[in-house]
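Taking it in order: structure first as structure tokens, then the write-up.
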Amino acid sequence: MRVIFILFITLNLYSNEILGEIDKFNLPSLNLTNIEARIDTRATSSSIHCTQIKRIDNHIKCKVLNKIEIIKPISKIAEVKSSNGEKALRYFIKKSDIEIFNKIYETELSLNDRTNMQYPLLIGRELLKKGFVVDVQKQNLSYLSSNYKE
């Protein structure tokens, strides 16, 4: 008689944190708290809503979320394709801290007028590669575990 062993492997997800499709995050380096964001696995980079974007030498000056004015060094200028397929040059800033599950991650943000978008912050794959998976049926998982809530 032959005995057949079947090995069941459980998907561990490599101990990644799970984010929902929508969440709220703090951006300490920009002095912003509880900013609503959409997690977008199709987007390469992360983007934040800015207006009055003006280049001054190697820096960018803009108004973030219609709240605060910032001047930051430009990390790069790159062509980005939006969700509607249009391509545009965007400015990026580095060393933008974002708090996710009470831990601080450094990320690069593109600056874009997101007035017509539902969420002022978009989180893309470059940040998600730092140890996150997305469950689109969930929301506000990081916010609900946060030490700072509204």
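The values are calculated or read from the model by the stated rules, or taken from the named source; none is laboratory data. Being a predicted model, the structure only gives us computed values, none of them experimental. Note that each Cβ is placed from the backbone with ideal geometry, even for glycine, and that neighbours are counted across all protein chains shown. Areas reflect the complete protein model, heavy atoms only, side chains present, ligands, DNA and RNA absent. Shrake-Rupley method; radii C 1.70, N 1.55, O 1.52, S 1.80 Å.
Among the residues of region 83-95, is any under 15 Å from Phe25 (Cα atoms) and β-branched (Val, Ile, Thr)?
Filtering region 83-95 for residues under 15 Å from Phe25 (Cα atoms) gives none.
Within region 83-95 (the criterion being under 15 Å from Phe25 (Cα atoms) and β-branched (Val, Ile, Thr)), the answer is no, since none of the residues qualifies.
How many residues does region 115-124 contain that are surrounded by 13 or more Cβ atoms within 10 Å (Cβ to Cβ) and at pLDDT below 95?
Of the residues in region 115-124, the ones surrounded by 13 or more Cβ atoms within 10 Å (Cβ to Cβ) are 117, 119-124.
Next cut, at pLDDT below 95 only: 117.
Of the residues in that region, 1 qualify.
Being over 19 Å from Ile18 (Cβ atoms), more than 12 Å from the chain's Cα centre (by Cα) and in contact (Cβ under 8 Å) with a residue 60 or more places away in the chain is the filter here; which residues of region 115-132 pass it?
Residues satisfying the conditions are Thr115, Met117, Gln118.
Would you check which residues across region 73-114 are free of Cβ contacts under 8 Å to residues at least 60 places away in the same chain, surrounded by 12 or more Cβ atoms within 10 Å (Cβ to Cβ) and polar (S, T, N, Q) and list them?
Ser75, Ser82
Being closer than 12 Å to Asp40 by Cα and open to solvent by 90 Å² or more (accessible area, probe 1.4 Å) is the filter here; which residues of region 130-143 pass it?
Residue satisfying the conditions is Val136 alone.
Can you report the number of residues in region 22-39 which are modelled with pLDDT of 95 or more and in a loop (DSSP other than H, G, I, E, B)?
Summing the residues that are modelled with pLDDT of 95 or more and in a loop (DSSP other than H, G, I, E, B) in region 22-39 gives 0.
Just for region 44-67: of the residues that are within 20 Å of the chain's Cα centre (by Cα) and hydrophobic (A, V, I, L, M, F, W, C), which one is surrounded by the fewest Cβ atoms within 10 Å (Cβ to Cβ)? Can you show your working first?
Start the filter on region 44-67 by keeping residues that are within 20 Å of the chain's Cα centre (by Cα), which leaves 44-51, 53, 60, 62-67.
Imposing the further condition that a residue be hydrophobic (A, V, I, L, M, F, W, C) reduces the set to 48, 50, 53, 60, 62, 64-65.
On the way: Ile48: 23, Cys50: 25, Ile53: 14, Ile60: 21, Cys62: 22, Val64: 23, Leu65: 16.
So the residue we want is Ile53.
Since Thr41 meets every condition but one in (1) in contact with a helix residue (DSSP H, G or I) (Cβ under 8 Å, 6 or more places away or on another chain); (2) open to solvent by 70 Å² or more (accessible area, probe 1.4 Å); (3) under 16 Å from Met117 (Cα atoms), which condition does it not meet?
Unmet for Thr41, out of (1) in contact with a helix residue (DSSP H, G or I) (Cβ under 8 Å, 6 or more places away or on another chain); (2) open to solvent by 70 Å² or more (accessible area, probe 1.4 Å); (3) under 16 Å from Met117 (Cα atoms): (3).
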